[in-house]
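The values are calculated or read from the model by the stated rules, or taken from the named source; none is laboratory data. Just so it is clear, the model here is predicted, and its values are computed rather than measured. Quick reminder, even Gly has a Cβ in these numbers, built from the backbone with ideal geometry, and neighbours come from all protein chains shown. When the accessible area is computed, the model is the full protein with side chains, heavy atoms only, and any ligands, DNA or RNA have been set aside. Shrake-Rupley method; radii C 1.70, N 1.55, O 1.52, S 1.80 Å.
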Amino acid sequence: MRLHHLRNATLVIETEKHVILVDPMLGKRKTIAPFSIFRYKPKRNPLTYLPKNSRDILSKVTHCIITHLHPDHLDKAGEVFLRRKSIPVICNSKDKNALIKRSLTVIQTLDYWKPQDFLDGKIMGIPAVHGYGFIAKLMGNVMGFYIELLNEKSIYISSDTILTEDVEKVLTELKPDIATIACGTARLDFGQPLLMRINDIIKFIALAPGKVFANHLEALNHCPTTRTELKAALTANNLLSKTSIPNDGESVEYL
């Protein structure tokens, strides 16, 4: 299995038989309004270009998984890509109608903790809580995914979430070979962070039984945590060796 990191939370899972796109934010730089005006500099998003190799990687995509409907996970360009290529979409059952209204090809919807057949394996929707405190309710529905494909490593797409009992349950009971984690510690101009703080990132990675793939970094104006800061924190806790922190356009192979 190979994971291609494109930008922010947009990644591609490539196996021998399938190429699965996750959360396509595919627009040009500065096509989305700032997510913070006062707490952080009000720069338009995304802050970075799509990497040059993204076209080649995207040309192979066979399916798409969408964790939630925020524009940094599904933007207008992402929708156009999915429509033009009629890419089959898998999503939270709560997001089905909204995605169908956008003329996307929704072929499978999931409820939390209910496994379903998926390609040549299984997929299960995992609860995600997008922020600490009251802010999570404002963020709406979010779903993580636990995926097991035939003769491939199991992977947990944790999505935009804080560390919860559900997240810990996946790591300790389902024991994914690979777990992705959103590490940007995003914050709006009000409320607590929308993603895990560093101490919870460290707990997540320590609990993960296999390898960890860190993303959601340095692409949005409300995500202050940098790759350098994350590496330093993981090094201090002896966790860097099990964690990949890819740059945009980099791929990680899991043998």
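Tell me yes or no: at least one residue of region 194-214 is touching a Gly at 6+ places or on another chain (Cβ under 9 Å) and not aliphatic (A, V, I, L, M).
The answer is no, given that none of the residues of region 194-214 is touching a Gly at 6+ places or on another chain (Cβ under 9 Å) and not aliphatic (A, V, I, L, M).
Residues of region 173-187 being open to solvent by less than 30 Å² (accessible area, probe 1.4 Å) and either of a type in the set (Val, Ile, Thr) or within 17 Å of residue 136 (Cα to Cα) (or both), which ones?
178, 180, 181, 182, 183, 184, 185, 186
Just name the residue that is farthest from the chain's Cα centre (by Cα) out of those in region 91-102 that are touching a residue at least 40 places away in the same chain (Cβ under 8 Å) and within 13 Å of residue 65 (Cα to Cα).
The qualifying residue farthest from the chain's Cα centre (by Cα) is 95.
Taking only region 138-164 into account, find how many residues are open to solvent by 20 Å² or more (accessible area, probe 1.4 Å) and within 18 Å of residue 98 (Cα to Cα).
4
Hey, does region 68-80 have a residue that's of a type in the set (Gly, Ala, Ser), open to solvent by less than 40 Å² (accessible area, probe 1.4 Å) and in contact with a Cys (Cβ under 9 Å, 6 or more places away or on another chain)?
Scanning region 68-80, I find at least one residue that is of a type in the set (Gly, Ala, Ser), open to solvent by less than 40 Å² (accessible area, probe 1.4 Å) and in contact with a Cys (Cβ under 9 Å, 6 or more places away or on another chain), so the answer is yes.
Among what's in region 198-255 and is farther than 19 Å from residue 7 by Cβ and in contact (Cβ under 8 Å) with a residue 40 or more places away in the chain, pick the residue that is least open to solvent (accessible area, probe 1.4 Å).
Out of the qualifying residues, it is 204.
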